[in-house]
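Take a look at the structure below.
FYI, it's all coordinate maths here, none of it is from the lab. All of these numbers come straight from a predicted model, not from anything done at the bench. Cβ coordinates were reconstructed from backbone atoms using ideal geometry, including for glycine residues, and neighbour counts include every protein chain displayed.
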Amino acid sequence: MDIAQLKQQAAEYAAQYVTSGMVVGLGHGSTAIFAVRDIAARLATGELKDIVAVPCSRQTEADARALGIPLTTLEAAPVIDVTIDGADEVDPALNLIKGGGGALLREKIVAQASRREIIAVDEGKLVPVLGTVWAVPVEVIPFGWRSQANYLATLGAEVTLRRSNDGEPFRTDQGNLILDCRFGPIAQPEELASQIRARAGIIEHGMCLGIADDVIVAGPAGIRHLQRKQLRFL
């Protein structure tokens, strides 16, 4: 069984928590797209009715429109019932690194507006500590970005400006840049998150701490459902 099949299994399992009448957050990336397709298929058959969705990126918005999913905005629907998204790393406390696809800012905004954040991953995304495999994406405004890179280096990061396939700097949906910051295993993610956010010009980072309510993990042995078991009041 390949990674794409595991991603599909996890995403489609997670998508079953979407029920009629909900406001749904649609995540971004190679795992979340399987949930988007599943939701669209259930709408087409009439299994799902009266849902509206808030996409986490322009790409997800385009995919959802093409599949016939009714869309709304956070301005019109500021509280989301459930969001289905993916992650790049998941630690034992269900903390995440997100942003490999470049949509970390919108993904965080949607997640924090959600009553329930469900993350779907293949088991290769499970790590003993954040930073084991992935760099932490940090979104910065273009003005003075080298200054932000130097600052992040003082925190212990090996910093790389993310580039698109054409070699040009990658631009987020907000027109910002992403600095991929390889810290190695992060012993104190809360402290690091606070240090990163203290700098003007840094918009957001890809560590999602205390945000995931459920993590659906697909592996060769089947599906595991991990839960934080805490209520969020919005």
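With θ taken as phi - 60° and the coefficients 6.51, -1.76 and 1.60, list the Karplus ³J(HN,Hα) couplings across segment 156-166 in order, rounded to whole Hz; mark glycine and proline as x.
Karplus values, whole Hz, x for Gly and Pro: x, 8, 8, 9, 10, 6, 6, 10, 7, 4, 7.
Around E61, under 14 Å between beta carbons, what's the net of Lys plus Arg minus Asp minus Glu among the other residues?
Surrounding charge for E61 is 0.
Hey, which lysines would be in cross-link range of K125, C-alpha to C-alpha under 20 Å, not counting anything within fewer than 8 residues on its own chain?
Within the straight-line limit of under 20 Å, K125 reaches these lysines: K7, K98, K108.
So if I average 1/r over every pair of distinct C-alpha atoms in segment 136-201 and take the inverse, what Kirkwood radius in Å does that give?
Evaluated over segment 136-201, this radius sits at 12.3 Å.
Could you tell me the calculated FRET efficiency between T154 and V133, based on Cβ-Cβ distance and R0 = 25 angstrom, to the nearest 0.05?
0.60
When you count, for each residue, the other Cβ atoms within 10 Å and take the mean per peptide, how do 36-42, 80-86 rank with the highest first?
80-86, 36-42
Nearest 5 is fine: what % of DSSP beta bridges in the chain come out antiparallel, could you say?
55 percent
Mind giving me the nanometre distance, one decimal, between the label points for V79 and S147, set 7 Å out from Cα along Cα→Cβ?
Placing both labels 7 Å beyond Cα along the Cβ direction yields 4.1 nm.
Reachable lysines from K229, Cα under 19 Å, same-chain residues fewer than 8 places away excluded?
Excluding near neighbours in sequence, the set is empty.
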